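Participant: Below are the structure tokens for one structure; questions will follow.
The values are calculated or read from the model by the stated rules, or taken from the named source; none is laboratory data. None of these values were measured; they are calculated from a predicted model. All Cβ positions, even for glycine, are placed from backbone atoms using ideal geometry, and neighbour counts span all protein chains on display.
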Amino acid sequence: MMDKITDKIAALPADGEYFSLEFFPPKTQMGFSNLRVRLQRMERALRPLFVNVTWGAGGSTAQKSIELAELCQRELGLTTCLHLTCTNMSQAMVDQALQDARALGIRNILALRGDPPRAEYRDADEPTGSEEFTWAIDLVKYIRKKYGSYFCIGVAAYPEGHGDGSHPEGQSFEHDLPYLVDKVQAGADFIMTQLFFDIKAYEKFETTLRDDPSGAFKTIPILPGLMPIQSYAMIKRTAKLSHAEMPEEIMARLNAVKGDDEKVKMVGVDILSELIEQIREIKSRTPGPRGFHFYTLNLEKSISFILERTKLIPDVPEDEEAVVDEPVPAAVTGQRSIPRISVNGNVPLRQSRSHSRTARRQSSVGSDPHNRVIVGRAAAHPEWEASSTEAGLPAESINTRANTLAISEGEGALGREATWDDFPNGRFGDARSPAYGEIDGYGVSIHMSVTQAVSLWGHPKTASDINDIFVRHIRGEISAIPWSEEDLLPESNIIKSSLEAMNKKGWWTVASQPAVNDLPSNHGTFGWGPASGFVFQKSFVEFFIPSADWKILYDKLTSEEHEEVVCFYASNANGDFVSSDSTGGTSRAAVSASTNAVTWGVFPGKEIVTPTIIEEVSFRAWCEEAFDIWAEWAKVYGRGSDSEKLLNEIGQDRWLVNIIHHDYVDTEALWRLLTN
């Protein structure tokens, strides 16, 4: 079995095409279980040449990366490429990761720098003479020195330049080029790019590399990184963090449908499919197989549409067909047949020969190998009985790849069940989803360089300085805080004065929304989803609060006046947890672990849509990361500095509290409770 990526590419025809898929370790155990099922389905339907697993540096996040890599490589038999970052990691940690990869049979590493290095935070116990990893090239050289040619090594490149703010010239591909030459000459076998949408920038990038006088890039595989557009807010955030330019023409198409995530996703399929065709033309100028890399964000529907639309899915034998129950032809019944559905006005996707369908009705498991009696209980005699659940499943003999592809694209009841989480909402989505959380998959980070962090937040010396940072963010005077890279949304204008009052007294808000009752879905500020619908919101706020203040607020929230109209979750850095549910130790024993839909919409012909959810599982998963961000912020200022001491002390003293008010008709109820 060929497990090195370069060997697999070399075995393809000269005019062949291939693709890879990237996944990150889910933040919850339920998400991991659901990703396992999704990966099995995607492997069967799409057949990528290999998959990437992102690396979360340090501790439990790194272990989750290894567990996901093991699932891909060993359980599913997928050729796996493990990301590995090297900065702010000891040699022992790097060695352990490489040993784990080798033990799992993984022979591919994507060598990355990671967050900007902070030498003063190196492990004091690190042996003298240990390797010091400052740049990705250090990791490439180290792997080559220690493992020779055992690993196939990939490195990252940035078509528009690396934009971490650490260089005075700013974001510049020309500035990056010599370093990329060095990485390849140090032993890199392939290049994988950061996501991009500007095809002109990519054309300049690949042309420059292929023509570089060093000759380093003449034949090396270059995989363009492509990210499907899953939602308007998500792609804007991701493009901002990765410093990827969004061309005006693309942005105009997204702006035209930004209130409807379903339309955004379908327009996104169009945009990515067009981008792939343009990349094909660029790559046709260089001999050899053409590769594409997709950042899946742990989702499958858009990826499946894009890969089928662009005919990137490898062909399968002609006799492997997708089978669906379709109406008998009109010529037989004398009735008009139901027209096939097209996507965005394009030709129906199912016309590809290798994924064609037949109207022949196939057996279910209830009649395989022969007819069985359907019973309304578990089948006691499976040789001649089938339960009602089993009777609805197709027989294994027609559980084909094309059927699986149709499910991945969300077709039919099984497809809707498989893609139930197709509209993720960051950390306010459903914790059962593999895509739950702020979707980057790289662990805790403040998402900026030390230079950028100091420029935004200065050198705080007192809690009052922290107050000022949060208040300035509420006022729009600074663009980000460590827990949010975005400005306040326009909808927060109606609660801005309440948020400002909370932050002035040291209750630092990191997330919030106002109450909304029965507004049209096309409302300029609060509207979302399809036309002719109505949207609703419960007010909530999440904030850090001093432990002394939390004791007082807790008594207020659990009083008879408020306990029936609020739900709350609270935790501290030590992992102590309190909530209004029975699982949180309050006296309301009758209330089990709750799931709170805080945003919902009602639309014609649809079930109620609930994109924003707050529950114990998701809150707990987020809490660990939220408190780790205090430590990441502290590291900006250097060991032993006043700012570092302050931020670490604050992180240890505060509670993170999320409060939801159930009265969405009284839009001021939550804010009266908190500001009086």
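Participant: Checking Leu297 against (1) farther than 26 Å from Val609 by Cα; (2) in a loop (DSSP other than H, G, I, E, B), which test does it fail?
Facilitator: Checking Leu297 against (1) farther than 26 Å from Val609 by Cα; (2) in a loop (DSSP other than H, G, I, E, B), the one that fails is (1).
Participant: Okay, moving on. Could you figure out which of (1) assigned to a helix (DSSP H, G or I); (2) farther than 30 Å from Leu519 by Cβ isn't true of Ser559?
Facilitator: It fails just one condition, (1).
Every residue, every condition in (1) at pLDDT below 95; (2) in a loop (DSSP other than H, G, I, E, B); (3) within 23 Å of Thr54 (Cβ to Cβ), yes or no:
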residue	(1), (2), (3)
Ile143	no, no, yes
Gly154	no, no, yes
Asp182	no, no, no
Lys200	no, no, no
Phe217	no, yes, no
Leu223	no, no, yes
Ala233	yes, no, yes
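Participant: Among the residues of the range 53-74, is any in the same structural domain as Ala156 (by TED's automatic domain parsing), surrounded by fewer than 19 Cβ atoms within 10 Å (Cβ to Cβ), basic (Lys, Arg) and under 22 Å from Ile153 (Cβ atoms)?
Facilitator: Yes, some residue in the range 53-74 is in the same structural domain as Ala156 (by TED's automatic domain parsing), surrounded by fewer than 19 Cβ atoms within 10 Å (Cβ to Cβ), basic (Lys, Arg) and under 22 Å from Ile153 (Cβ atoms).
Participant: Is it true that Thr389 is at pLDDT below 90, assigned to a helix (DSSP H, G or I), among the polar types (S, T, N, Q) and under 30 Å from Arg41 (Cβ atoms)? I'd like the intermediate steps shown before the answer.
Facilitator: Values: at pLDDT below 90: yes; assigned to a helix (DSSP H, G or I): yes; among the polar types (S, T, N, Q): yes; under 30 Å from Arg41 (Cβ atoms): yes.
In short, yes.
Participant: Separate question: Going through the range 519-559 one residue at a time, which ones are without any contact (Cβ under 8 Å) to a residue 60 or more places away in the chain, touching a strand residue (DSSP E or B) at 6+ places or on another chain (Cβ under 8 Å) and either closer than 15 Å to Val609 by Cβ or loosely packed, with under 14 Cβ neighbours inside 10 Å (or both)?
Facilitator: Leu519, Pro520, Phe526
Participant: Is it true that some residue in the range 253-260 is basic (Lys, Arg), closer than 22 Å to Tyr295 by Cβ, under 24 Å from the mean Cα position of the chain (by Cα) and not in a helix (DSSP H, G or I)?
Facilitator: Let us first name the residues in the range 253-260 that are basic (Lys, Arg), namely 253, 258.
Within this subset, residues satisfying the condition of being closer than 22 Å to Tyr295 by Cβ are 253, 258.
Okay, now just the ones that are also under 24 Å from the mean Cα position of the chain (by Cα), so 253, 258.
With the extra rule that they be not in a helix (DSSP H, G or I), the set shrinks to 258.
Yes, the conditions are met somewhere in the range 253-260.
Participant: For the range 582-595, indicate whether the set of residues that are part of a strand (DSSP E or B), modelled with pLDDT under 95 and not assigned by TED's automatic domain parsing to the domain that holds Asn255 is non-empty.
Facilitator: Scanning the range 582-595 turns up at least one residue that is part of a strand (DSSP E or B), modelled with pLDDT under 95 and not assigned by TED's automatic domain parsing to the domain that holds Asn255.
Participant: Checking the conditions here, which among Leu98, Leu110, Leu68, Leu84 is more than 23 Å from Glu409 (Cα to Cα), in contact with a Lys or Arg (Cβ under 8 Å, 6 or more places away or on another chain) and outside any loop (DSSP other than H, G, I, E, B)? Full working, then the answer.
Facilitator: Values: Leu110 fails: in contact with a Lys or Arg (Cβ under 8 Å, 6 or more places away or on another chain); Leu68 fails: in contact with a Lys or Arg (Cβ under 8 Å, 6 or more places away or on another chain); Leu84 fails: in contact with a Lys or Arg (Cβ under 8 Å, 6 or more places away or on another chain).
Unique residue meeting the criteria: Leu98.
Participant: Turning to a different aspect of this structure: Does the range 610-618 contain at least one residue that is among the charged types (D, E, K, R), without any contact (Cβ under 8 Å) to a residue 60 or more places away in the chain and assigned by TED's automatic domain parsing to the domain that holds Trp550? Can you show your working first?
Facilitator: In the first step, residues of the range 610-618 are kept if they are among the charged types (D, E, K, R); the result is 615-616.
Filter once more, so that each one left must be without any contact (Cβ under 8 Å) to a residue 60 or more places away in the chain: 616.
If we keep only those that are assigned by TED's automatic domain parsing to the domain that holds Trp550 as well, we get 616.
Checking the range 610-618: at least one residue is among the charged types (D, E, K, R), without any contact (Cβ under 8 Å) to a residue 60 or more places away in the chain and assigned by TED's automatic domain parsing to the domain that holds Trp550.
Participant: If I ask for residues that are modelled with pLDDT under 95, under 26 Å from Arg113 (Cβ atoms) and under 16 Å from the mean Cα position of the chain (by Cα), which ones from the range 30-67 would you list?
Facilitator: Within the range 30-67, Thr54, Trp55, Gly56, Thr61, Lys64, Ser65 meet the criteria.
Participant: Residues that are in contact (Cβ under 8 Å) with a residue 60 or more places away in the chain, of a type in the set (D, E, K, R), assigned by TED's automatic domain parsing to the domain that holds Glu644 and in contact with a Phe, Trp or Tyr (Cβ under 9 Å, 6 or more places away or on another chain): does the range 488-504 have at least one?
Facilitator: No; the residues of the range 488-504 include none that is in contact (Cβ under 8 Å) with a residue 60 or more places away in the chain, of a type in the set (D, E, K, R), assigned by TED's automatic domain parsing to the domain that holds Glu644 and in contact with a Phe, Trp or Tyr (Cβ under 9 Å, 6 or more places away or on another chain).
Participant: Another one. Determine which single condition Ile439 fails, assuming it passes every other condition in (1) at pLDDT below 95; (2) part of a strand (DSSP E or B).
Facilitator: Of everything listed in (1) at pLDDT below 95; (2) part of a strand (DSSP E or B), Ile439 misses just condition (2).
Participant: Moving on. Among (1) assigned to a loop (DSSP other than H, G, I, E, B); (2) within 30 Å of Ala256 (Cβ to Cβ); (3) at pLDDT 95 or above, there is one condition Gln171 misses while meeting the rest; what is its number?
Facilitator: Status for Gln171: all satisfied but (3).
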